[in-house]
Amino acid sequence: MKKVILDLAVTLDGFIEGTNGEIDWCIMDDDMDFPGFLTTIDTIFYGRISYDAWGNFRPEGEVAEGDIQFWNSIHAHKKYVFSSQKRDDDRATFISSNVAEQVAQIKQQDGKDIWLYGGASLIQSFIEWNLVDRYRIAVHPIVLGSGKPLFANLKQRLQLNLVTTNVFRSGVVQLIYEPASR
């Protein structure tokens, strides 16, 4: 069965973006092997706002070939967008109801794992509904002081078991957890 993997950058003080949505603090070191992670998934889950911002993003202007290949590899994956807005979009499937049931059906399909990209409210809903199978949290060596927190408004404790840690040249520490209840 496919797993839903939350792979996300977070600041040392727990924010996934700054007060104005900024993510300029995110570090992408080669030793993080993000392209390797992309080979382990075949599907990406987005909230509508994240999809509108990043689901079809193409860098503009003078762009390195590696950046073009990076975004092409992301956009080659199957995309699902969770939103109350219904929309015809030939690049993604929009889901507006029965989320837990539909996620269970998608997880039963053949193929690779699923990247839960976000945004914050979608991540919170997936956590509440116990739909996240693995947490890959990359803690970046920066403190913002304010912004959008990763774990806001949780209604219950989240018990996790540490699977492994990875430390990268930049000082980013990746913590990989699975829910304790599984």
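The values are calculated or read from the model by the stated rules, or taken from the named source; none is laboratory data. From a predicted model like this one, the values you see are computed outputs, not experimental measurements. Every residue, glycine as well, gets a Cβ built from its backbone with ideal geometry; the counts of neighbours run over all protein chains shown.
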Every pair of residues 6+ apart whose Cβ atoms lie under 7 Å, when the first sits in segment 102-113 and is over 9 Å from Val4 (Cβ atoms) while the second is at pLDDT below 95 and exposed (fewer than 12 other Cβ atoms within 10 Å of the Cβ): Gln108/Met1
Can you tell me which condition Val81 does not meet? The list is (1) more than 26 Å from Thr164 (Cα to Cα); (2) touching a helix residue (DSSP H, G or I) at 6+ places or on another chain (Cβ under 7 Å); (3) not in a strand (DSSP E or B), and all the others hold. (3)
Residue satisfying all of: in segment 148-177; among the charged types (D, E, K, R) and over 18 Å from the mean Cα position of the chain (by Cα); nearest to Asn20 (Cα to Cα) among these: Lys155
Could you tell me whether Met28 is touching a residue at least 12 places away in the same chain (Cβ under 8 Å) and of a type outside the set (Asp, Glu)? no
Right, Leu131: surrounded by 13 or more Cβ atoms within 10 Å (Cβ to Cβ) and in contact with a Phe, Trp or Tyr (Cβ under 8 Å, 6 or more places away or on another chain) or not? no
Checklist (1) of a type outside the set (Asp, Glu); (2) in contact with a His (Cβ under 9 Å, 6 or more places away or on another chain); (3) under 14 Å from Ile176 (Cβ atoms); (4) not in a strand (DSSP E or B) applied to Val10, failing item: (4)
Filtered residues of segment 92-113 (kept if out of contact with any helix residue (DSSP H, G or I) (no Cβ under 7 Å at 6 or more places or on another chain) and more than 13 Å from Trp129 (Cβ to Cβ)): Thr93, Phe94, Ser96, Ser97, Gln105, Ile106, Gln108, Gln109, Asp110, Gly111, Lys112, Asp113
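Among the residues of segment 37-55, is any in contact with a His (Cβ under 9 Å, 6 or more places away or on another chain), assigned to a loop (DSSP other than H, G, I, E, B), surrounded by 12 or more Cβ atoms within 10 Å (Cβ to Cβ) and of a type outside the set (Gly, Ala, Ser)?
Taking segment 37-55 first, the residues in contact with a His (Cβ under 9 Å, 6 or more places away or on another chain) are 38, 41-44, 55.
Applying the additional criterion that residues be assigned to a loop (DSSP other than H, G, I, E, B) yields none.
No.
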Return yes when Met28 is touching a helix residue (DSSP H, G or I) at 6+ places or on another chain (Cβ under 8 Å), closer than 25 Å to Thr164 by Cα, modelled with pLDDT under 90 and of a type outside the set (Gly, Ala, Ser) and no when it is not. yes
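So that you can scan it fast, the table gives a plain yes or no per residue for (1) aliphatic (A, V, I, L, M); (2) in contact with a strand residue (DSSP E or B) (Cβ under 9 Å, 6 or more places away or on another chain):
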position	(1), (2)
Trp25	no, yes
Met32	yes, yes
Ile41	yes, yes
Ile44	yes, yes
Arg48	no, yes
Trp54	no, yes
Glu60	no, no
Ala64	yes, no
Lys78	no, yes
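This table checks each residue for (1) surrounded by 12 or more Cβ atoms within 10 Å (Cβ to Cβ); (2) modelled with pLDDT of 95 or more; (3) in a loop (DSSP other than H, G, I, E, B).
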{"residue": "Leu122", "(1), (2), (3)": "yes, no, no"}
{"residue": "Ala138", "(1), (2), (3)": "yes, yes, no"}
{"residue": "Leu144", "(1), (2), (3)": "yes, yes, yes"}
{"residue": "Phe151", "(1), (2), (3)": "yes, no, yes"}
{"residue": "Arg157", "(1), (2), (3)": "no, no, yes"}
{"residue": "Val163", "(1), (2), (3)": "yes, yes, no"}
{"residue": "Gly171", "(1), (2), (3)": "yes, yes, yes"}
